[in-house]
1. Given the DSSP H assignment, sum -39500 (n - 2.57) over each helix run of at least 4 residues in the chain and divide by its residue total; what's the result at 222 nm in deg cm²/dmol, nearest 500?
2. Can you tell which of Ala85, Ala144, Ala29 shows the greatest fluctuation in a Gaussian network model of the chain with Cα springs below 10 Å?
3. Using a cut-off of 14 Å between beta-carbons, work out the net charge of the residues near Leu7 (Lys and Arg +1, Asp and Glu -1, Leu7 not included).
4. Order the peptides 69-79, 151-161 from the highest to the lowest mean number of other Cβ atoms within 10 Å of their residues.
5. Tell me the net charge near Ile184. Cut-off is 12 Å between Cβ atoms, Ile184 excluded, with +1 for each Lys or Arg and -1 for each Asp or Glu.
6. Can you give the FRET efficiency to the nearest 0.05 for Ala187 and Glu69, using r as the Cβ-Cβ distance and R₀ = 22 Å?
7. Note down the net charge around Thr96, summing +1 for each Lys or Arg and -1 for each Asp or Glu among other residues with Cβ under 11 Å from its Cβ.
8. For Ile195 and Thr154 in one chain, what is 0.36 nm times their gap in residues minus the Cα-Cα distance, to one decimal in nm?
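The values are calculated or read from the model by the stated rules, or taken from the named source; none is laboratory data. Here the structure is a predicted model, which is why all the values come from computation and not from measurement. Please note: Cβ atoms are built from the backbone with ideal geometry, for glycine as well, and neighbour counts cover all protein chains shown. Quick note on the areas: whole protein, heavy atoms, side chains included, nothing else; ligands and nucleic acids left out. Shrake-Rupley method; radii C 1.70, N 1.55, O 1.52, S 1.80 Å.
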Amino acid sequence: MQQGRALKQLARNDELDVVWSMTSVEREASLLPIRIPIYKGLVGWRLLLIREQKQQLFFHLTDSTVLKEVILGQGHDWPDTQILADNGFRIVPSSTYEGLFEQLLRERIEAFPRSVAEIWAEQQTYSAQGLVIEQRFALHYPTAFYYFVNPHRTDLADIITRGLEAAIADGSFDKLFNQEHGDILRAADLKRRDILTLTNTILPKATPVNRSELWYAPQ
């Protein structure tokens with residue numbers, strides 16, 4: 001199911017009970033978020049999926065700000081699309097997720113920014129077609145991937161919140177996070193990359209940015 005459709009059905013209380021997605025002011029206005037970032041903010045750490053023959057072009061860019069001249073692809077209804085556009089990037093939108101890989105392969109876009117949590121599996125899927133992970137740069141903006149429920153389902157929100165808070169308190173949340181993402185974070189080696197820090201123009205004020213235990217920080 002496309003993300004936009006899933007969120008609309010959740011807002012109507014139609015078939016779906018829970019959707020996990022990136023937050024925005026608009027989404028929190030129509031849905032009830034459980035404000036614990038399930039990827040610890042990894043969705044806001046972005047690497048670039050590119051064609052293999054273009055890697056040298058990125059190595060020769062003078063600095064990370066020049067990335068704003070690169071044509072990027074994003075989903076037309078993704079919050080990231082607005083964030084990147086508001087930060088001055090050139091964006092070509094797509095109505096489908098699969099269409100973005102096709103646009104990259106056909107050179108209609110130059111790079112496809114993907115979260116650290118997503119890009120490795122996607123690159124493996126398209127490796128035979130020559131897509132690789134760009135080796136020099138990373139983008140970063142604060143954002144959260146939450147569980148969302150219908151606003152009338154406060155009972156369900158309470159259950160999910162209690163479970164996640166218990167997992168954080170007993171260490172099992174971090175244990176699972178490291179189990180699932182430890183290898184890819186070591187491969188990403190974010191501290192050695194040129195990081196371009198962006199402003200998240202649609203970050204809700206209630207985002208728990210001051211709870212450091214909820215967020216990943218490169219070691």
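1. Values: 8 runs with 81 residues, N = 219.
Rounded to the nearest 500, it is -11000 deg cm²/dmol.
2. The residue with the greatest mean-square fluctuation here is Ala29.
3. On the way: positive: Arg5, Lys8, Arg12, Arg27; negative: Asp14, Glu15, Asp17, Glu26, Glu28, Asp77.
Around Leu7, the surrounding residues sum to -2.
4. 69-79, 151-161
5. Details: positive: Arg114, Arg186; negative: Glu118, Glu122, Glu180, Asp183, Asp189.
Residues near Ile184 contribute -3 overall.
6. Numbers: r = 27 Å, r/R0 = 1.24.
E between Ala187 and Glu69, to the nearest 0.05, is 0.20.
7. Working: positive: none; negative: Asp77, Glu98, Glu102.
Once positives and negatives cancel, what remains is -3.
8. Values: separation 41, 0.36 × 41 = 14.76 nm, distance 3.87 nm.
Additional length available on full extension: 10.9 nm.
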